[in-house]
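Worksheet for the structure shown next.
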C-alpha cells in the first residue's frame, strides 16, 4: 500500500487552454491522478476550462477536495 504524502494540499496553476499538443492534456490528467493517489487536495485559480479545468475535474472526480 502506498503511503500518503506529507502534503495535505497543493496549489496548481496552468493554462486556460488545452494547448496544441496532446501531451499537455495527458500531463494534466497524470498530475491530477498523482494528487489523488497521494491523497492531496487541490488549490487552484478557479478556472473551469483548459488544462486547469482538466486537473480540477479529475481531482474532484477522484474524490479529493478542490478549492478555487
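Read the figures in this text as sums done on the coordinates, not as results from a lab. All values reported here derive from a predicted model rather than from experimental measurement. As a convention, Cβ positions derive from the backbone with ideal geometry for all residues, glycine included, and neighbour counts pool all protein chains shown.
General remarks:
- Angle of helix 22-37 to the longest C-alpha principal axis of the chain, folded into 0 to 90 degrees and rounded to 10: 20°.
- Label point at residue 17 placed 7 Å out along Cα→Cβ; residues across the stretch 35-65 whose backbone nitrogen lies under 12 Å: 50-51
- Here the sum of -39500 (n - 2.57) over DSSP H runs of 4 or more residues, divided by the residues of the chain, equals -13500 deg cm²/dmol at 222 nm, to the nearest 500.
- Once both labels are positioned 7 Å from their Cα atoms along Cα-to-Cβ, the gap between residue 26 and residue 41 label points is 3.2 nm.
- Potential lengthening between residue 34 and residue 6 on full extension [0.36 nm per residue; Cα-Cα distance subtracted]: 8.7 nm
- Helix 50-61 axis, angle to the chain major axis (alpha carbon atoms, nearest 10°): 30 degrees
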